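The values are calculated or read from the model by the stated rules, or taken from the named source; none is laboratory data. Here the structure is a predicted model, which means the values were calculated and not measured. Glycine also receives a Cβ, built like all others from the backbone with ideal geometry; neighbour counts cover every protein chain displayed.
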Amino acid sequence: MNRNNIFIHIALAIVLILVAAFAGQLSRWRKQWKSQMRIVPVEEKKKAMTVEDISLSETQSFGAPEILVKFKNGISQDAIDRLTAQRHDRVEDRFENAEGWDAIDDLDNADAATLVKEYQQLPEVEYAEPNYEINLDEATAGPLVPILPHDPQFNDQWALANSGQRGGTKGADISATTAWAKTTGSDEVVVAVLDTGVDYNHEDLTENMWRRPEKMEPYYDKELGTIDDEFGFNAIDTTADPMDDNGHGTHCAGIIGAEGENDLGIAGVNWKVQIMPLKFMNASGSGSTKDAIEAINYVIERKKAGVNVRIISASWGSTQKSRALGDVIRKAYENDILFVAAAGNSTVDNDRTPHYPSSYDSPNVISVAALDRNDALASFSNWGVKSVAIAAPGVDILSTWLDNQYEEKSGTSMATPVVSGVAALVLAEHPHMTVDELKKKLLTSVDPVAALKGKTVTAGRINATKALAD
Amino acid sequence: MAISKDIAVENARNDLASRLKINASDVTEKSVEDADFPDMALGAAEDDEMSGQMITRGWRINLEAQGQAFEYRADKNQVRAYKFKGKNYRI
């Protein structure tokens, strides 16, 4: 080897070393950039979260699965692999405890909404939904494995998991199954169902009924005297027995908290919760303003006595405005109690024709419209771009009925306890949240729904998974 | 006890006769049709009456007396006069 060749080889070696070093630095920069892309934008997005951009809070980080897909029975993993590969996607994970569910990662990083739509149209797919990112801590963030309860009639509960059953639209639901990956409720949270009473002996409710704690004194009212409120309160005859003689209150209670995973009937939005039954409507489903006030007053007094009652669910109303009723609802606000109320079923604009109590201007009131299984505003539902806050499923809702029965019913009556139920789920996870924080959380975590634009304040359907996001 | 359609029509006819101070035989039944009402007061709430906001299946009973039309609403739990001289009544 001559002297010139040695110099050429040394120069080549130096160039190769420099190229390798530069490539290594490039790789480190790339990893650093990926990490920043994963955390920073999501946090910034959360801080600046508005109703309009809530839908963008689904996981969009590089490498994380964008959507969760449940394939129909009989579709082999080979077929799933082929199907995803054809779309330049890949199966990122398969869930052993959630049979049939796969986490799909789109290698082109398409947005989750587009992917959900694409997969929902495939005949092999039963259900697809975005992979919601709940925890912003990078070390623990990951796909939420949907939890499907074994309650035998769960498949008919489209409001909780809409797989397109009976002509519905896949995904037009409150995303309960992924919310349950975080919490299925807490028996520390008490929800007052102000209604026709509740069948507290119903097989699917009895375990989740409120009972006055042994150490708590019976209810005392200066005018009514002492009432041994072991199960709740009946404002019609001012007794201790809130047994339902209509069915409406029992239906609403089941939506909020029919016991989950008990191999009976249905699952409530909360599998565990305490339902405080209050009766102020009679066997026909009607009641007076005076009795409604009496029952709300009972709730406030029980709160003051130490019962953790944080929500009143009010699936009733009229066009009559009562200043006294408005005042007692505001009193509930001062005691940190949310008041969720039905918008009404008269197909009218509540901005023009108010419906009470949902139209009271109290900070704790959430007025609820009803949606059908295709995300259309229910044909009967009232609306109001200024006065109706949010919408929830309210058509053909299966829930508990008298005599251990289960029935499908429709109305903003049914949409209201869906919202009350999600509020209870949020409180199970964040027990110290104030009523203002809770209301804000519910209203800023909706799924935008085209049919609600110009119809409700949020123009969206309540979403339990997003409401539980930190 | 649940009210049947026939009983509901009979109750409505008697109530109208009483309000108009005429014989029940002078009240004509024009039609009775199944209907979905917007709430549990059958869309015929009295003043100061709150009702469950659940769609309620029942019957719309159209009667005629003294040359005028009158509407009653009923379900298995109740019968109501709808806007009789501008007001609703639960009978």
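List of remarks:
- Just one residue in the set A:Asp173, A:Asp221, A:Asp204 is within 15 Å of A:Val422 (Cα to Cα) and touching a residue at least 40 places away in the same chain (Cβ under 8 Å); that residue is A:Asp173.
- Selection status of A:Pro357, surrounded by fewer than 24 Cβ atoms within 10 Å (Cβ to Cβ) and of a type outside the set (Val, Ile, Thr): no
- When the range A:219-237 is limited to residues that are crowded, with 17+ Cβ neighbours inside 10 Å and closer than 22 Å to A:Ser315 by Cβ, the one that is farthest from the chain's Cα centre (by Cα) turns out to be A:Ile236.
Listed here are the residues, each with its yes/no results for (1) of a type in the set (A, V, I, L, M); (2) crowded, with 24+ Cβ neighbours inside 10 Å; (3) within 25 Å of A:Thr206 (Cβ to Cβ); (4) more than 14 Å from chain B (Cβ to nearest Cβ).
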residue: A:Met276; (1), (2), (3), (4): yes, yes, yes, yes
residue: A:Phe280; (1), (2), (3), (4): no, yes, yes, no
residue: A:Ala283; (1), (2), (3), (4): yes, no, yes, no
residue: A:Ile293; (1), (2), (3), (4): yes, no, no, no
residue: A:Tyr298; (1), (2), (3), (4): no, yes, yes, yes
residue: A:Gly306; (1), (2), (3), (4): no, no, yes, yes
residue: A:Lys321; (1), (2), (3), (4): no, no, no, no
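- Positions within the range A:146-158 being touching a Leu at 6+ places or on another chain (Cβ under 8 Å) and either within 16 Å of A:Val69 (Cβ to Cβ) or aliphatic (A, V, I, L, M) (or both), in sequence order: A:Pro146
- Scanning the range A:75-130 for residues that are over 22 Å from the mean Cα position of the chain (by Cα), at pLDDT 75 or above and basic (Lys, Arg) yields A:Arg82, A:Arg87, A:Arg90.
- Scanning the range B:1-45 for residues that are farther than 12 Å from B:Asp75 by Cα, outside any helix (DSSP H, G or I) and acidic (Asp, Glu) gives a single hit, B:Glu29.
- Test: residue in the range A:426-439 that is touching a strand residue (DSSP E or B) at 6+ places or on another chain (Cβ under 8 Å), among the β-branched types (Val, Ile, Thr), touching a residue at least 12 places away in the same chain (Cβ under 8 Å) and crowded, with 24+ Cβ neighbours inside 10 Å: no
- The residue that is surrounded by the fewest Cβ atoms within 10 Å (Cβ to Cβ), among those in the range A:440-456 that are among the β-branched types (Val, Ile, Thr) and either more than 20 Å from A:Ala343 (Cα to Cα) or in contact with a Gly (Cβ under 8 Å, 6 or more places away or on another chain) (or both), is A:Val449.
- Of all residues in the range B:38-63, those satisfying the criterion of being within 12 Å of the chain's Cα centre (by Cα) and more than 8 Å from chain A (Cβ to nearest Cβ) are B:Leu42, B:Ala44, B:Gly58, B:Trp59, B:Arg60, B:Ile61, B:Asn62, B:Leu63.
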